[in-house]
1. How many angstrom separate the Cα center of segment 178-198 from the Cα center of segment 69-124?
2. Take the chain, connect every pair of alpha-carbon atoms lying under 10 Å apart with a spring to form a Gaussian network, then pick out the residue of 182, 166, 30 with the largest mean-square fluctuation.
3. Taking the chain as the region of interest, what is the percent of Cα-Cα pairs per 10 angstrom bin, listed from the shortest bin to the one with the maximum distance?
4. Considering the zone a paramagnetic label at residue 80 would reach in this model (a point 7 Å from Cα along the Cα-to-Cβ line), which residues of segment 103-117 have amide N under 14 Å from it?
5. Per Stokes-Einstein, at 4 °C and 1.567 mPa s, what whole-number D in µm² s⁻¹ belongs to segment 87-171, with the Kirkwood radius over Cα pairs as the hydrodynamic radius?
6. Per residue of segment 100-109, what does 6.51 cos²θ - 1.76 cosθ + 1.60 with θ = phi - 60° give for ³J(HN,Hα)? Whole Hz please, x for Gly and Pro, Karplus curve as stated.
7. Leaving out same-chain residues fewer than 8 places away, which aspartates and glutamates sit with a Cα under 18 Å from that of residue 113?
8. I need the phi-derived Karplus couplings for segment 112-118: 6.51 cos²θ - 1.76 cosθ + 1.60, θ = phi - 60°, integer Hz, Gly and Pro marked x.
Amino acid sequence: MEARSDEPLKTTLINQFIMKKIALLAVVAGALVMSSCNNSEKKDTTATDSAQTVGEHVDAAIADLKNAEENARLKAEQAKKDLDEAIAKGDKAAEEKARAASEEANTAWEKTKAALRNAGEDVKEGLKDAKDATVDATNTAVDKTKDAAKDVADGTKKVANDVATGTKEAAKDVKDASKKVGDDISRKAKNVGEALKN
């Protein structure tokens, strides 16, 4: 009778072992899924905010340069009108003053236009540099994502191999236990048969 009470215990222990392996696999798979999901929700608002601030500063600087260029153009036009009036009046002293003011205003206007062109070129170069930096950062992120995915795949493969090995071992244990139970049953049946003969 004792042999019969050991057999269900062994079967229960083997089943518990198999269930523990399956539960471990489920926990590991769940952990992998949880670690790989919802990473897109983590956003770095500091970089976006500073990029907007830089853009706003660039826009404001260009607007200031355009205003300065417009003011210099208006002063140059006014100086030209003053020169034309002085020439029309025939006042040589006023004409010399107006001519000097007109040349000064035209020079200031040309410098302002040159500064505006240079600012435009600087903005183009800055945008090109920002684009290059963005492409580099994107490529780096893609490479890191590929590496992480490979690491996850390797980890999953290892866990699957470990579970398969554990399952094979458990199946072997079940086979051995079944064989032992079969042998015990055969032995007991033989003993019962001999006892009945006597």
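1. When both Cα centres are located, 121 Å separates them.
2. Highest fluctuation among the options: 182.
3. Bin by bin from 0 Å, the calculated values are 7, 15, 12, 11, 10, 9, 8, 7, 6, 5, 4, 3, 2, 1, 1, 0.
4. Residues passing the 14 Å test: 103-110.
5. Working: Rh = 20.0 Å.
Roughly 65 µm²/s, to the nearest whole number.
6. With the stated coefficients, segment 100-109 comes to 5, 5, 5, 5, 5, 5, 5, 5, 5, 5 Hz.
7. Output for residue 113: 59, 64, 69, 70, 77, 103, 104, 121, 122.
8. For segment 112-118, the Karplus curve yields 5, 4, 5, 5, 5, 4, 4 Hz.
Throughout, read-outs are computed from the coordinates displayed, never taken from laboratory work. Just so you know, these numbers come straight off a predicted model, no measurement behind them. FYI the Cβ positions are ideal-geometry reconstructions off the backbone, even for glycines, and counts take in every protein chain you see.
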